[in-house]
Every structure is written in structure tokens, then in C-alpha cells.
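Okay, structure first, notes after.
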Amino acid sequence: MVVHSETSTGLTAPVAEIRAALDDTRHPALLLVDAISSLGIMRYEHDRWGADVTIACSQKGLMLPPGLGFNAISSRAQAISRKSARLARSYWAWQPILDANISGYFPYTPPISLLAGLRESLSLIKEETLPRVHARHAALAQLARETVRSWGLEIVGPGEPHSNALTAFRLPSDCDSEKVHLFLSEKHELSLGKGLGLFARGVLRIGHLGALDTGTLATGLARLRAGLTESDVLTAPVLPSAPTDDAAPPRPAPGGSRESAV
Ligand SMILES: Cc1ncc(COP(=O)(O)O)c(C=O)c1O
């Protein structure tokens with residue numbers, strides 16, 4: 001199983017290359033991919049990349065509350081599930097829903113409100129077009145990464161390819177990341193993700209996905225800059241002092257050239 005966009009670190013896994021490695025060794029394993037934080041954010045190609053099962057959810061690129069899960073299932077995975085899978089299972093028991101879907105129904109109580117929301121999300125994506133949605137997220141991610149780097153902070157991970165859903169960055173080692181996180185939340189109303197697992201200490205995560213534009217992200221980054229400065233993570237920029245009268249450039253004579261007035 002591979003996580004395409006790692007929401008805990010902001011990195012991506014090369015799904016097509018992992019498929020090729022499985023094929024090269026004639027390994028029989030099914031390739032399961034978690035595309036939860038890439039669907040509707042970054043290019044993801046279930047068929048072309050040779051995934052057997054792709055898992056996605058409603059709460060990231062589809063801009064909905066949590067509650068809907070989606071599986072794309074290759075014919076090989078379906079056949080194995082029907083014929084040879086013997087493990088007791090519930091989430092991976094696809095047959096009831098595959099059967100019901102033929103007539104457009106659900107075998108269980110459908111989450112109607114989320115499905116109504118999904119229709120709206122899909123129409124927003126269709127209107128913008130998927131390539132533009134992907135390009136917008138790529139531009140937002142680039143803005144976030146370049147801004148954080150320009151503050152002298154390190155982005156998590158050895159380099160590209162980073163996920164376009166979020167930017168995970170490290171605080172300097174002497175910072176108490178819990179304290180900084182709380183300060184950003186209480187004083188600047190910024191809801192940043194904390195680091196998870198091995199990255200629990202010293203890492204914060206900026207989410208930049210869904211219905212977001214450059215202006216909104218830039219405003220958030222400006223608040224983040226201010227919050228990190230107030231909590232002594234960053235040093236305040238030195239602002240140029242206002243010119244005094246003595247230092248003011250001489251006024252151009254009336255009728256002087258444009259150049260001399262600049
Ligand atoms: C990559 C990824 N996988 C899985 C999940 C689902 O996590 P949870 O089990 O907390 O709903 C998330 C978060 O929504 C995620 O970002």
C-alpha cells in the first residue's frame with residue numbers, strides 16, 4: 001500500500017514507478033493507493049498508473065466534510081475479491097455496493113447531505129476544469145514553499161516532489177512547536193496542522209487545498225509571518241526608516257524633466 005500524497009510530511013510517492021517495480025519482479029501483490037490528499041489536488045491516474053485499489057475521501061480536494069469514501073477497483077482486484085479473498089472483511093467487501101450501483105442505489109443508508117454536497121463540488125471542479133484545478137494547487141504550493149524558504153525555514157523532505165496539498169516545515173530546534181502552534185491559533189486565528197508521528201515535534205503544516213486562491217493564501221502566509229515573528233521564531237524585518245527633511249532629495253524645478261523628478 002502506498003500513500004500518493006503524504007499529508008503528514010507533504011511528500012509524494014511515485015505510484016507508476018512502484019507499479020513498474022512490482023511488474024519487473026512479477027510480484028503478485030495488489031497495489032493499493034491512498035489518494036485521499038491528492039484527488040482533486042494533484043494529477044492522479046488510477047488506470048494509467050496501474051493501481052488496483054485507490055482510496056479517496058470527501059474531506060480534502062473535494063471540499064466536503066469527512067464522511068464519504070471512494071474506492072476505484074481494478075478488474076483484477078474485483079476478481080480476487082470475488083474468488084479467492086477469504087479474510088473476514090467489511091470495508092473491502094465491494095460486492096453489495098457494486099450490485100446496488102447497477103441500478104444507481106446504495107445497499108446501505110446513503111449520506112444524502114454529503115452526496116448533495118458532492119454534486120456541487122464536482123460541478124465547481126468541472127467549471128474550473130481539472131487541469132486548471134491542478135495548476136492552481138501547484139501554484140499555491142509553490143507560493144507556500146518559496147515563502148517559507150525565504151524566511152530561512154526548512155521544508156520537510158529531501159526535495160521534490162512535494163505534495164501540492166500542503167507544506168510541512170521545520171521550526172528551529174530550540175522552538176517549542178506546541179507553544180508556537182497554540183500562539184498562532186489563539187492570536188492569529190491560524191489553524192495549522194501539527195507534525196505527526198516521527199515529525200510530532202518541531203514541524204508545522206500549512207494546508208493549501210480546495211477552494212483557495214492566491215490572495216487568501218498570501219494573507220494567511222502574511223499572518224503566519226507575523227505570528228512567527230511575534231513568537232520569536234523569525235526575527236522582525238528591518239524596515240527602512242522614513243527620510244528626514246535633511247535627507248530628502250531636492251525638489252525638481254517646476255517644468256523639470258520627468259527623469260529629474262524620480
Ligand atoms: C493521506 C491520508 N490518508 C488517510 C487519511 C484519513 O485519516 P483518518 O483515518 O484520520 O480519517 C487522511 C486524512 O484525512 C490523509 O490525509
Kindly state which strands (runs of 3 or more DSSP E) lie completely within the stretch 20-93 and contain at least 1 residues that are open to solvent by 60 Å² or more (accessible area, probe 1.4 Å).
69-73
A careful count of residues in the stretch 1-52 that are in contact (Cβ under 8 Å) with a residue 40 or more places away in the chain, within 30 Å of A139 (Cβ to Cβ), touching a helix residue (DSSP H, G or I) at 6+ places or on another chain (Cβ under 7 Å) and not β-branched (V, I, T) gives 5
Residue that is nearest to I41 (Cα to Cα), among those in the stretch 105-153 that are more than 22 Å from the chain's Cα centre (by Cα) and of a type in the set (V, I, T)
I112
Which residue, of S113, S163, S185, is open to solvent by 90 Å² or more (accessible area, probe 1.4 Å) and modelled with pLDDT of 95 or more?
S113
Before we move on, is S123 free of Cβ contacts under 8 Å to residues at least 60 places away in the same chain, away from the ligand (no atom under 16 Å from the Cβ), open to solvent by 70 Å² or more (accessible area, probe 1.4 Å) and among the small types (G, A, S)?
no
Considering only residues that are open to solvent by 20 Å² or more (accessible area, probe 1.4 Å), assigned to a helix (DSSP H, G or I) and hydrophobic (A, V, I, L, M, F, W, C), which ones fall in the stretch 190-248?
L198, F199, A218, A222, A226
Looking at the stretch 25-55 only, could you name the residues that are within 9 Å of the ligand (Cβ to nearest atom) and under 19 Å from H162 (Cα atoms)?
D34, A35, I36, S37, S38
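The values are calculated or read from the model by the stated rules, or taken from the named source; none is laboratory data. Source: prediction; values computed, not measured. Neighbour counts are summed over all protein chains in view; Cβ atoms, including those assigned to glycine, are modelled from backbone coordinates with ideal geometry. Surface accessibility is based on the protein's heavy atoms, side chains included, excluding ligands, DNA and RNA. Shrake-Rupley method; radii C 1.70, N 1.55, O 1.52, S 1.80 Å.
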